[in-house]
């Protein structure tokens, strides 16, 4: 059976997701306490995938039958050619790109304009409606920058999703946050709330939950270190990448990594990620 | 101190976990190789066939492995293969000879000729003469010589790997 057929069967059986995740870079302008990858401004090893590599992976993903692309990091927009790369990838497959939305200058917003005509969403992290609370988790001025960026993106016709990482937020606080995103015109369907996963920096800080084997849907995830079982796999502690969820060092051709991923997925119990919403 | 991460079973990549025993143990060499799980798919079966009994008996093979490891001064492989050689029927005197602790003259003609050829194969392959090959072929068939040549190649690979990365010998 070809990798394409095996993937289709595995997706149909609920053994894995149909999205390919790409870690564009581990470099970031923020240094969040719960970061899985110890991303920060001065990170020694940025583990960046070039624009050409990202586009090639997306192209091969489409050929293999993946239905969507997810791009994360680090902060994608630390890369100088991120806007053009995103447009190229989103022209191949529906795309969600995770960003902290703190680097959206007018010039960058102009370069992002072509995204309005493509099937892409920018998923922006926002953890509280309170600037102080949010910024304590995500860094100084984060709330203000996000608050400026979101309307600017929406005005340009670019779809925005909000992702909230829950640690100790109250129900009332989350309700206020929902009211805020609704006021921007972002529906509840485009608001993702999930717990902190106890890996990477969060594990060192004793934060978050340890997911069970069926809590996270396997989704093939490519980084500069290799291919992983899901996007919570390629975590970093003390500068060293965790390998416990590595499925392949070889990522090109993508089919080779996908075959190894599918071999592991076929041996695992069918899971559901609805309980903890960890995606 | 190893220059590579020696991965415990629960931190090893998923495809590499099969190389660990049920109690989670594995040699330091295997724990270092686990960093590159893709290569294990072909490397371990290859090494398994090369080091297992084949057309050449295990005692001869281990004698050659120890000799090559001695020439390459590989601490890890000597520690691993000296006891193994004894288990496979290599005599203590033969072992001492290939480790340069006593003269090679104590070896029987067959072993001495094989070791002479192995020394040349490692140290000066261009210096191997037709006469030397003819002498070693008095004791081995062509296919056995091929098998020993590949065994030497694999041992050199592991000697260099273990020495360059300072893989600690198993206690």
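The values are calculated or read from the model by the stated rules, or taken from the named source; none is laboratory data. Note that this is a predicted model, so its numbers are computed, not measured. Note: ideal-geometry Cβ built from the backbone for every residue, glycine included; neighbour counts use all protein chains shown.
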Scanning region A:252-261 residue by residue, the ones that are in contact (Cβ under 8 Å) with a residue 12 or more places away in the chain and either crowded, with 21+ Cβ neighbours inside 10 Å or facing chain B (nearest Cβ under 10 Å) (or both) total 5
Pull out all pairs, ordered by first then second residue, where Cβ-Cβ is under 8 Å, the residues are six or more apart or on different chains, the first lies in region B:101-120 and is within 20 Å of residue B:152 (Cα to Cα), and the second is crowded, with 16+ Cβ neighbours inside 10 Å and modelled with pLDDT under 95. none
Which of the residues belonging to region B:1-31 are in contact with a helix residue (DSSP H, G or I) (Cβ under 8 Å, 6 or more places away or on another chain), in a helix (DSSP H, G or I), within 12 Å of another protein chain (Cβ to nearest Cβ) and closer than 24 Å to residue B:75 by Cβ? none
When you scan region B:127-157, how many residues do you find that are assigned to a helix (DSSP H, G or I), in contact with a helix residue (DSSP H, G or I) (Cβ under 9 Å, 6 or more places away or on another chain) and exposed (fewer than 11 other Cβ atoms within 10 Å of the Cβ)? 1
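Conditions tested, residue by residue: (1) at pLDDT below 95; (2) more than 14 Å from chain B (Cβ to nearest Cβ); (3) more than 29 Å from residue A:156 (Cα to Cα).
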{"position": "A:172", "(1), (2), (3)": "yes, yes, yes"}
{"position": "A:203", "(1), (2), (3)": "yes, no, yes"}
{"position": "A:207", "(1), (2), (3)": "yes, yes, yes"}
{"position": "A:212", "(1), (2), (3)": "yes, yes, yes"}
{"position": "A:217", "(1), (2), (3)": "yes, yes, yes"}
{"position": "A:249", "(1), (2), (3)": "no, no, yes"}
Counting just the residues of region A:219-230 that are in a loop (DSSP other than H, G, I, E, B) and modelled with pLDDT of 95 or more, which one comes out nearest to the other protein chains (Cβ to nearest Cβ)? A:229
By residue number, the members of region A:7-37 that are under 26 Å from residue A:205 (Cβ atoms), out of contact with any helix residue (DSSP H, G or I) (no Cβ under 7 Å at 6 or more places or on another chain) and outside any strand (DSSP E or B) are A:26, A:31
Output for region A:83-97, where each listed residue is closer than 21 Å to residue A:35 by Cα and in contact with a helix residue (DSSP H, G or I) (Cβ under 7 Å, 6 or more places away or on another chain): A:97
Would you pick out the residues in region A:234-251 that are over 22 Å from residue A:65 (Cα atoms) and buried (at least 18 other Cβ atoms within 10 Å of the Cβ)? A:234, A:235, A:236, A:241, A:242, A:243, A:244, A:245
Any chance you could count how many residues in region A:47-90 are in contact with a strand residue (DSSP E or B) (Cβ under 9 Å, 6 or more places away or on another chain) and not in a helix (DSSP H, G or I)? 14
Matching residues in region B:71-126 - criterion: being surrounded by 13 or more Cβ atoms within 10 Å (Cβ to Cβ) and not in a helix (DSSP H, G or I): B:72, B:74, B:88, B:89, B:90, B:91, B:99, B:102, B:107
